[in-house]
Amino acid sequence: MDSYDFQLVSEWFLPHPSTQVWEALRTPPQWPRWWRNVELAEQIACGQDDGVGNRYRLCWKSGAPYRLRFVSTVIAVDTGRRILARIDGDLCGRGEWILLPEGGATRVRYVWQVSLTPRWMRLALPLLRRLFIRNHDRVMDQGCAGLRAHLAARTGLD
């Protein structure tokens, strides 16, 4: 079993069908349109038709005075339900989107299992762990709000 600095789970509830949520989450280059914390999301390699092998260069910002840069490589897809990616860069580990349809709505679970690689972050981890977790939670809350607004604007739902 892998050991990570962080094993975080975020849950979103979106009053939209899972097909709409899936389309938004499976296209990281579109995330900056609705997720204000995503400063850069560019596809750097194309994989298979289902997305396995797709690689994305990402840069994230938060209220804290640092940015996180990494490459996300899709390593498993269950179309419409799950995307698993390997993360390499300022963070190393894995991220997993899981979509759970609930009637006409969708519950989204994001599992983030990562370790920090920048030296200053590793040294500061014992003191700043809670700050790093709060920043992660804030970024995820803003992502949920952004996606909710984005989908509502497209469908006319609140």
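The values are calculated or read from the model by the stated rules, or taken from the named source; none is laboratory data. Just so we're clear, the structure is a prediction, and the values are computed from it rather than from any experiment. In this analysis, Cβ positions are derived from the backbone assuming ideal geometry, glycine residues included, and neighbour counts consider all displayed protein chains.
Numbers for the structure displayed
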item: Given (1) under 22 Å from GLY47 (Cα atoms); (2) in a strand (DSSP E or B); (3) of a type outside the set (Phe, Trp, Tyr), number of the condition GLY80 does not satisfy; result: (2)
item: Residue match in the range 48-59 (condition: touching a Cys at 6+ places or on another chain (Cβ under 8 Å) and surrounded by fewer than 16 Cβ atoms within 10 Å (Cβ to Cβ)); result: yes
item: Out of TRP12, TRP60, TRP22, sole residue that is modelled with pLDDT of 95 or more, in contact with a strand residue (DSSP E or B) (Cβ under 9 Å, 6 or more places away or on another chain) and not in a strand (DSSP E or B); result: TRP22
item: Selection within the range 72-83 - of a type in the set (A, V, I, L, M, F, W, C) and crowded, with 17+ Cβ neighbours inside 10 Å; result: VAL74, VAL77, ILE83
item: Any hit, the range 99-122, residues being hydrophobic (A, V, I, L, M, F, W, C) and farther than 29 Å from VAL52 by Cβ; result: yes
item: Output for the range 91-112, where each listed residue is crowded, with 19+ Cβ neighbours inside 10 Å and either over 21 Å from ASP5 (Cα atoms) or of a type in the set (Asp, Glu) (or both); result: LEU99, THR106, VAL108
item: Answer residue from the range 14-46, given it is in contact with an Asp or Glu (Cβ under 8 Å, 6 or more places away or on another chain) and surrounded by fewer than 16 Cβ atoms within 10 Å (Cβ to Cβ) and is nearest to ARG154 (Cα to Cα) among those; result: PRO15
item: Residue satisfying condition, being charged (D, E, K, R), within 14 Å of GLY95 (Cα to Cα) and under 13 Å from the mean Cα position of the chain (by Cα), within set ARG55, ARG26; result: ARG26
item: Residues (under 23 Å from PRO15 (Cα atoms), charged (D, E, K, R), under 19 Å from the mean Cα position of the chain (by Cα) and assigned to a helix (DSSP H, G or I)) located in the range 100-158; result: ASP137, ARG138, ASP141, ARG148
item: Of all residues making up the range 25-38, the number that are over 14 Å from SER72 (Cβ atoms), outside any helix (DSSP H, G or I) and in contact with a strand residue (DSSP E or B) (Cβ under 7 Å, 6 or more places away or on another chain); result: 1
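This table checks each residue for (1) more than 27 Å from SER18 (Cβ to Cβ); (2) of a type in the set (Ser, Thr, Tyr); (3) in contact with a Lys or Arg (Cβ under 9 Å, 6 or more places away or on another chain); (4) without any contact (Cβ under 8 Å) to a residue 24 or more places away in the chain.
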residue: LYS61; (1), (2), (3), (4): yes, no, yes, no
residue: ALA105; (1), (2), (3), (4): no, no, no, no
residue: LEU125; (1), (2), (3), (4): yes, no, no, no
residue: ARG130; (1), (2), (3), (4): yes, no, no, yes
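Residues checked against (1) out of contact with any helix residue (DSSP H, G or I) (no Cβ under 6 Å at 6 or more places or on another chain); (2) within 18 Å of PRO28 (Cα to Cα):
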position: ILE75; (1), (2): yes, yes
position: ILE83; (1), (2): yes, yes
position: PRO101; (1), (2): no, no
position: ALA153; (1), (2): yes, no
